[in-house]
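Inspection log for the structure reproduced underneath, given as structure tokens.
Taken together, the values in this text are just the output of simple stated rules run on the coordinates, not laboratory data. Everything numeric in this text was worked out from a predicted model, so none of it was measured. Cβ atoms come from the backbone with ideal geometry, glycine included; neighbour counts cover every protein chain shown.
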Number of protein chains: 2
Amino acid sequence: MKIVLDGMGGDYSPDEVVKGAVRAAAEIDETVVILGPEAKIKECLEANKWNGNNIEIVDATEVITNEEHPAMAVRKKKDSTIVKGMNMLKSGEGDIFISGGSTGALLAGGLTILGRIKGIKRPAIAAWFPRAGKKGVTLLLDCGASVEAKPEYLHQYGIMGDIFVRGITGKIAPTVRLLNVGAEEGKGDTLHKEAFDLLKNSYINFCGNVEARDVIYGDTDIVVMDGFSGNVYLKASEGMASAVMGLFKNKLTEGIKAKFGALLAYSKIKDIKNTFDYSDAGGAPILGLKGAVLKVHGNSRSVEFYYAIHRAVDYVNSDITGKIKETIEKTQTVNTETEESGADE
Amino acid sequence: MKIVLDGMGGDYSPDEVVKGAVRAAAEIDETVVILGPEAKIKECLEANKWNGNNIEIVDATEVITNEEHPAMAVRKKKDSTIVKGMNMLKSGEGDIFISGGSTGALLAGGLTILGRIKGIKRPAIAAWFPRAGKKGVTLLLDCGASVEAKPEYLHQYGIMGDIFVRGITGKIAPTVRLLNVGAEEGKGDTLHKEAFDLLKNSYINFCGNVEARDVIYGDTDIVVMDGFSGNVYLKASEGMASAVMGLFKNKLTEGIKAKFGALLAYSKIKDIKNTFDYSDAGGAPILGLKGAVLKVHGNSRSVEFYYAIHRAVDYVNSDITGKIKETIEKTQTVNTETEESGADE
């Protein structure tokens, strides 16, 4: 197995990427192929006291930034880490591509170089979300691969999420819910009413709607969301979590008595931060492409890349891409119509 | 001025409603008309040591619950507090209607009994949202009156929000942003791209898109949201705030040392809760109807009803409804086509 890693993706690349790779490579049998300017990557490997095993470098001289137009950058920068990574998946030289780079460029590159699995209408970004109270994590998708949505896309998100969670966790019939404005059947706009019906009549373990308030308190394995609402859900949660934690930090260190209290309670506050720490979630798979792509948050440190490499091994071993292909062929009339690229964000 | 109050709306009605009314009535010159079963309301007034001034009772024997189908309940229950309240606004016997009852029934009753202001395509529920760091509050609309959205609806939400905030706060040119998946122009689905253009070419002080993460950190006066995303935004924020605060509470009281720390920091934690306490926001106006309706949260206590009555006085004095009517007549081609009722949730 070859795990292809974008050495230049993310705010702290290449140092933190290589650091994570060195740590992971010492623990696995697979090969990590780091894409990036060869000399620079070598230097980082040395700085991180690489033991000489399980890492290869493939030279890539260009980088696509978040500021560039994704589709244009993918067309122009043939020697970029993202374009080279996608081409390695396509040619079979790599089994999975991990990147902390531009989500737009990963989607554009994935769609134009790898293409969608036949019958899949839109790829979806899937991300693990923590739960409060109940143990475990919930897979949310789509987290923003498509901002336009149709009922069939949401139906396919449910199917892809089910295959992914079964493959990764071994659960037999993971529970699936639809993010909606109310819990009862019949709630929502036309899009969500129609998606509800499709999910309900599908073979997956669909358990109905879930309101945004209850996602974090629930124990649903998979929550299907249209890409626009999914983006709003994640970013609203992120904003509020950070706002409340910031207020606690400020308030607890205001005044001598409170400061004393805060010092005593400090270790507990660290525990809470860890509860909402996605580091070990190991990245967000982009599902529905003819190849396994794992997007890591742009502000990731070495620990995120370390975990992503470990998760990538499970991802490839579970053959998620093959299973999605097989399932879509079996359960759906394969739609061969030409569609827009879907890289609409 | 007559402020009509739904005595039977909300989880703690009529006791908490009447308690709030007694407290507010002692401080204002206007009359509060409480709708509800006369004997029961009288009993509550006595229990709350009403001084005999500024409160009238209008008998209403029925109540519409959250479990009923809103439109059907409004048609059937002619003697319900909500139907009577709307009729009092229509006939001029009341100037504003405050209710903690079913949002669906308030919308259905508002649309069928009062009707929309000519030219307004959809009413909008507007709610004040707290800010972290920067002082003040942000008006969010639509918070779920319509789950289907069109660009023109969002445009009108911006106009109604502008009129409301100018009327209530006296600000000259309140800032308006559009909730979207990215901050730059050109982001989002067709709905939000088209809404962006309409808002940009409107007379209001439109400042572009805002991402869900940044609403709480910003200082925008008004954020326009489609009703579906608006619902997701509010409920995601609510869920996360409550999850993080719950975790803090648990963690801070775990173990003797932390418990001691928590006791010292306790007053500060109360401060934080107050920051996110909507009580004094005084309810969410339903804008766009031919009458002033103020929805109060179903789980409100007397303090929320007390503040809502005070805010209602400002609302009526600012003649928000008249100003929306005037503005829509001036700025928009009045659209007289027959539309669906809009009570689609």
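Length, then width, then depth: along the principal axes, the Cα atoms of chain B run 67, 59, 37 Å.
Computed with the Debye formula from one identical point scatterer per Cα of the stretch B:90-225, without solvent, the log10 of I(q)/I(0) at q = 0.11 Å⁻¹ comes to -0.41. Each copy carries a label point for A:N51 at 7 Å from Cα along the beta-carbon vector; from one copy to the others these points are 8.2 nm apart, nearest first.
Largest GNM mean-square fluctuation among A:S300, A:S102, A:S242, using chain A with Cα springs under 10 Å: A:S242. Here the Karplus curve 6.51 cos²θ - 1.76 cosθ + 1.60, taken at θ = phi - 60°, turns the phi angles of the stretch B:214-222 into couplings of 9, 4, 6, 8, x, 10, 5, 6, 9 Hz, with x standing for Gly and Pro. Counting Cβ atoms of other protein chains within 10 Å of each residue's Cβ and taking the mean over peptide B:213-223 gives 3.
Net charge near A:E62, counting Lys/Arg +1 and Asp/Glu -1 over other residues with Cβ under 11 Å of its Cβ? Spelling it out: positives minus negatives among the neighbours equals +1.
Could you tell me what percent of the DSSP beta bridges with both partners in the protein assembly as shown are antiparallel, to the nearest 5?
Among the beta bridges of the protein assembly as shown, antiparallel pairing accounts for roughly 30 percent.
Coupling constants for the stretch A:22-38 follow from the phi torsions by the Karplus curve (6.51 cos²θ - 1.76 cosθ + 1.60, θ = phi - 60°), and in residue order they are 4, 5, 5, 4, 6, 10, 10, 9, 7, 9, 9, 9, 9, 8, x, x, 3 Hz; glycine and proline get x. Placing a label point 7 Å from the Cα of B:N250 along the Cα-to-Cβ direction, the distances to the matching points in the other copies come to 2.7 nm, shortest first. When the inverse distances between all different Cα atoms of the protein assembly as shown are averaged and flipped, the Kirkwood radius reads 27.1 angstrom. Using Cα-only point scatterers and the Debye equation, what is log10 of I(q)/I(0) for the stretch A:1-112 at each q in 0.16, 0.22 Å⁻¹, rounded to two decimals? Log10 of I(q)/I(0), two decimals: -0.64, -1.16.
Dividing the summed helix terms, -39500 (n - 2.57) for each DSSP H run of n ≥ 4, by the number of residues in the protein assembly as shown produces a 222 nm estimate of -14000 deg cm²/dmol to the nearest 500. Per residue of peptide A:145-154, the mean number of Cβ atoms on other chains within 10 Å of the residue Cβ is 2. Each residue of the stretch A:39-47 was assigned a 3J(HN,Hα) from its phi angle through the Karplus expression (A = 6.51, B = -1.76, C = 1.60, θ = phi - 60°), giving 4, 5, 5, 4, 4, 5, 4, 5, 4 Hz with x at Gly and Pro.
Determine, for B:I117, A:I57, the number of other Cβ atoms within 10 Å of each Cβ, and report the residues in order from fewest to most.
Lowest count first: A:I57, B:I117.
Each other copy holds its own label point for B:G92; taking that point as 7 Å from Cα along Cα to Cβ, the gaps run 8.5 nm, nearest first.
A simple spin-label model places pseudo-atoms 7 Å from Cα toward Cβ; at A:E67 and A:E27 they are separated by 3.6 nm. If you add up the charges near A:K49, with Lys and Arg at +1 and Asp and Glu at -1, over every other residue whose beta carbon is less than 12 angstrom from its beta carbon, what do you get? Computed value for this residue: +1.
Amide H contacts of A:A292 (H built 1.01 Å from N, in plane; Pro and chain starts excluded): A:F97 sit under 5 Å, all sequence-distant by 5 or more or on other chains. Determine the shape class of the stretch B:39-165: with a ≥ b ≥ c the square roots of the Cα gyration tensor eigenvalues, call it rounded for a/c under 1.5, and otherwise prolate if a/b is greater than b/c, oblate otherwise. It is oblate, given that a/c is not under 1.5 and a/b is not larger than b/c. In this simple spin-label model, placing a label point 7 Å from the Cα along the Cα-to-Cβ direction at both A:E238 and A:T331 gives a separation of 2.9 nm. When A:T103, B:T112, A:T190 are sorted by how many other C-beta atoms sit within 10 angstrom of their C-beta, beginning with the fewest, the order is A:T190, B:T112, A:T103. For the protein assembly as shown, the dipole from Cβ point charges (+1 on Lys and Arg, -1 on Asp and Glu) about the Cα centre works out to 1420 debye, to the nearest 20.
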